[in-house]
1. Among the residues of the stretch 155-183, what is the count of those that are part of a helix (DSSP H, G or I), closer than 21 Å to F213 by Cα and open to solvent by 30 Å² or more (accessible area, probe 1.4 Å)?
2. Determine which single condition R111 fails, assuming it passes every other condition in (1) open to solvent by 40 Å² or more (accessible area, probe 1.4 Å); (2) in a helix (DSSP H, G or I); (3) out of contact with any strand residue (DSSP E or B) (no Cβ under 8 Å at 6 or more places or on another chain).
3. Assuming L122 fulfils every condition listed in (1) within 19 Å of the chain's Cα centre (by Cα); (2) farther than 20 Å from L107 by Cα; (3) assigned to a loop (DSSP other than H, G, I, E, B) apart from one, which condition is it?
4. Within the stretch 139-154, restricting attention to residues that are assigned to a loop (DSSP other than H, G, I, E, B) and among the aliphatic types (A, V, I, L, M), which residue is least open to solvent (accessible area, probe 1.4 Å)?
5. So L19 passes all but one of these: (1) in contact with a helix residue (DSSP H, G or I) (Cβ under 6 Å, 6 or more places away or on another chain); (2) over 24 Å from S116 (Cβ atoms); (3) open to solvent by 60 Å² or more (accessible area, probe 1.4 Å); (4) not basic (K, R). Which condition number does it fail?
6. Name, by its number, the condition in (1) modelled with pLDDT of 95 or more; (2) exposed (fewer than 13 other Cβ atoms within 10 Å of the Cβ) that does not hold for S203.
7. Name the residue that is surrounded by the most Cβ atoms within 10 Å (Cβ to Cβ), counting only residues in the stretch 208-218 that are modelled with pLDDT of 95 or more, farther than 10 Å from Y126 by Cβ and not β-branched (V, I, T).
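The values are calculated or read from the model by the stated rules, or taken from the named source; none is laboratory data. Computed from a predicted model, the values in this text were never measured in an experiment. Glycine also receives a Cβ, built like all others from the backbone with ideal geometry; neighbour counts cover every protein chain displayed. Protein only, heavy atoms only, side chains kept; ligands, DNA and RNA dropped before computing areas. Shrake-Rupley method; radii C 1.70, N 1.55, O 1.52, S 1.80 Å.
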Amino acid sequence: DMLEILPSQKLKMETSGILIPGNLEENVCLKTYHLLASDFKIPPVHIHLHKIIPIGAGLGGGSADGAFALKALNSLFDLKLSNEQLKVYAARLGSDCAFFVDGVPALGTGRGEVLSPIIVDLSGKYLVIIKPDMHVSTAEAYANVKPRAWNTPLQKIIKETPIAQWRNSLENDFENSVFEKYPEIKKIKGDLYQAGAVYASMSGSGSAVFGIFDGEVDPRTLFSGSAAIWSGWV
């Protein structure tokens, strides 16, 4: 996504790119402005959000927009808020919004707002993201998920288990209920493994699925019917 915030005579927001459903007044960028304006005397702004990250994909587009709106307003008006202070505001916007403030890999606990840095080394890997032409409701996914307690903590798996073994030890609990309703998403995960992925998983609550490969592949030969495909070296 691309976000531009400029001083203005009156508060205004415009969007372009992917159509954002719902009332524009409920957009996280405007919510961010009002959140800071309740604590600081900041003037009106003109916000332009060019939406590229698909909605309902589990890729954190909306949460990232909120986090970067916070950072932009903090810089534009020299509010001198530290990243830790920005994270507190971000947590009020959404459970995983704070994750995008630092922009580094982190383990999220609590509602997702309690963050601990974690080293994830994907250097030399080729990443493929497939976004099928369907929308998974985040609220619905969270309502149906059944979290499980794992014998091995997530951070231990990430730190000590080779990526090639993640398939047997690292699972996304959202997949069970989402795959049941959307078998097409389950098939994409299987197709990524069939294409040679060392690890594949649904991203967040879906519907996007990612695959990690040891070498470059051309996913368009396998997923020509999908709505969107991204690939590249990490």
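1. Number of matching residues: 7.
2. That leaves (2) as the condition not met.
3. Looking at each condition in turn, L122 falls short on (2).
4. V145
5. Exception for L19: condition (1).
6. Status for S203: all satisfied but (2).
7. A208
Yes or no, residue by residue, for (1) touching a Cys at 6+ places or on another chain (Cβ under 9 Å); (2) open to solvent by less than 50 Å² (accessible area, probe 1.4 Å); (3) not aliphatic (A, V, I, L, M):
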position: L36; (1), (2), (3): no, yes, no
position: G58; (1), (2), (3): no, yes, yes
position: L73; (1), (2), (3): no, yes, no
position: D96; (1), (2), (3): no, no, yes
position: G103; (1), (2), (3): no, no, yes
position: L107; (1), (2), (3): no, yes, no
position: I119; (1), (2), (3): no, no, no
position: V136; (1), (2), (3): no, yes, no
